[in-house]
1. Kindly list, by first and then second residue, each pair from a residue in the range 377-390 that is in contact (Cβ under 8 Å) with a residue 12 or more places away in the chain and farther than 21 Å from GLY95 by Cβ to a residue that is part of a strand (DSSP E or B) and of a type in the set (Gly, Ala, Ser), limited to pairs with Cβ atoms under 8 Å and residues at least 6 apart or on different chains.
2. Take the range 62-81 and flag every residue that is part of a loop (DSSP other than H, G, I, E, B) and more than 16 Å from TYR219 (Cα to Cα).
3. On the basis of being crowded, with 20+ Cβ neighbours inside 10 Å and either touching a Leu at 6+ places or on another chain (Cβ under 7 Å) or not assigned by TED's automatic domain parsing to the domain that holds GLN383 (or both), does ALA328 make the cut?
4. Taking the options ASP410, ASP388, ASP360, ASP337, name whichever one is at pLDDT 95 or above, surrounded by fewer than 16 Cβ atoms within 10 Å (Cβ to Cβ) and closer than 26 Å to ALA37 by Cβ.
5. Pick from GLY61, GLY67: which is touching a strand residue (DSSP E or B) at 6+ places or on another chain (Cβ under 6 Å), modelled with pLDDT under 95 and under 21 Å from GLY446 (Cα atoms)?
6. Within the range 405-430, which residues are outside any helix (DSSP H, G or I) and touching a residue at least 24 places away in the same chain (Cβ under 8 Å)?
7. Considering only residues of the range 438-447 that are modelled with pLDDT of 95 or more and in a helix (DSSP H, G or I), which is surrounded by the most Cβ atoms within 10 Å (Cβ to Cβ)?
8. All but one of (1) surrounded by fewer than 24 Cβ atoms within 10 Å (Cβ to Cβ); (2) over 28 Å from ARG435 (Cα atoms); (3) at pLDDT 95 or above hold for PRO145, so report the exception by its number.
Amino acid sequence: MNLCEELAKFIVHTDYAQLPPETVLSAKERLLDTTGAMLAGRAGWIYSEALMSAMELLGPGDCPVVGDDLTRRYPPARAAALDATFAHAVELDDGHKFAGVHAGAAVIPTALVMGQELHATGEEVLTAIVLGYEVVYRLAVAQSPELIDRGFHPSSTCDTVGAMAVAGKLMKLDEQQMANGLGTAALEAAGLMEATVSGQQSKCVLVGNAVYNGISCSYIARAGLEGCRTAFEGKSGLFRAMSKPLAPEDVLRDLGKPFWIADTYNKFYPTCRHAQPAIEAALNIAQEHGLDPDLVERVDVGTHHVAYDLTGTIKRPRTPGEAKFSIAYGVAAALYDHGVSVMHLKEQAYSDERYLRLADRVSTCVDETVDALYPRRRGAKVQIVMKDGSRYESDCYDLKGSPQNPVGFDELVRKFRVAANGLLSEEATAAVLARCGSFETETDVGSFLALLNW
């Protein structure tokens, strides 16, 4: 059995009629949620204009990007890469509950831009979205936790292959072309977790690069170039190089039964996912007991080793990137403001001594009981000690918006409205929401994307 060939067969021969209604609904939710994340990143990421200007120097095209005027246009792969970068930029994009991977940031921009380029129908785009999530999640889950432990960024490596699958499906590649494209994408998959240590604010460019490479591999495959069919499971393939030896069966078992897109979580705080259980546990305590943050003596957080390594050591962030990767700052901001928003990634917030003095009193460590559950469960224990000596404790594993604690379409609508505020008109926002809800009827993806421009 060969993984490239088996995945290619599945992608090529799965069509909209085979998708259960609940899977179609999940795809619409992913479309809406990631579109909002793209808008939030376009507006809230400090390097948006710089990256767009740099991409202009690489040559013109016909595709605009979200949240921009229509004077700047790019080739499809560049436009999708920019949209993907924005989607991941402020950590509001979705992810998988076990694998530490963000599929939506790559899959949705690829599906929308290539859907527009190829005049795809709404049914075709939704099908490509479902298949893209399936590929990304299966690759990431099979390699978890070794992929991260060995220093590779799942949302860069796996998303490259996922973007290729989405673009190739919309291009209507045949089995041979699809297998070639998947193999080439596996060879080009790249991205290091060191981006979470230094230069965090530009980590999102890795996801954009994954989309660019994935779409490029689709064009290369359509042109007839041979691909490396053993790129995944071969003796010098991706699995052995980046994670562990895996057989195709380890990835393919029960493929599409059910579709794994339903295993997606939604984010409601613009921080690294690994910081969020501590933030939500602290919020739950504060809301239950009506705590005054000025009367907090200290906060003790216990979490798993990956969360500690990525988010447990920064107390006084100096950049928006560090703010996203700080449990201490996130907990402090949440206690004062009853939540964490994109506003907390601005300098006036992360340099506010009120937050920082409380963040200094947040202590984070690896908790043995929490760590023992990783990676199947990813959570945190929080104890808040007040100045009068009273203590309050809570743990959190199933965050708001996770598959075990779902929120539904209405909550995603509210999240989208916040992201679109100031960027889209009320009329455009209403139209996006209506068309996402009935996306299977779309005949012009281009007119849908036009709603996301000024």
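The values are calculated or read from the model by the stated rules, or taken from the named source; none is laboratory data. Just so you know, these numbers come straight off a predicted model, no measurement behind them. As a convention, Cβ positions derive from the backbone with ideal geometry for all residues, glycine included, and neighbour counts pool all protein chains shown.
1. Here the result reads LYS381/GLY302; LYS381/SER394; VAL382/GLY302; VAL382/SER394, each pair linking the range 377-390 to a residue that is part of a strand (DSSP E or B) and of a type in the set (Gly, Ala, Ser).
2. Taking the range 62-81 first, the residues part of a loop (DSSP other than H, G, I, E, B) are 62, 64-73, 75.
Answer for the range 62-81, where residues must be part of a loop (DSSP other than H, G, I, E, B) and more than 16 Å from TYR219 (Cα to Cα): ASP62, PRO64, VAL65, VAL66, GLY67, ASP68, ASP69, LEU70, THR71, ARG72, ARG73.
3. Working: crowded, with 20+ Cβ neighbours inside 10 Å: yes; either touching a Leu at 6+ places or on another chain (Cβ under 7 Å) or not assigned by TED's automatic domain parsing to the domain that holds GLN383 (or both): no.
So ALA328 fails the test.
4. On inspection, the qualifying residue turns out to be ASP337.
5. Details: GLY67 fails: touching a strand residue (DSSP E or B) at 6+ places or on another chain (Cβ under 6 Å).
None of the other options fit; the residue is GLY61.
6. If we filter the range 405-430 for residues that are outside any helix (DSSP H, G or I), which is where we start, we get 405-408, 421-425.
Within the range 405-430, VAL407, GLY422, LEU423, LEU424 qualify.
7. PHE439
8. Every listed condition holds for PRO145 apart from (3).
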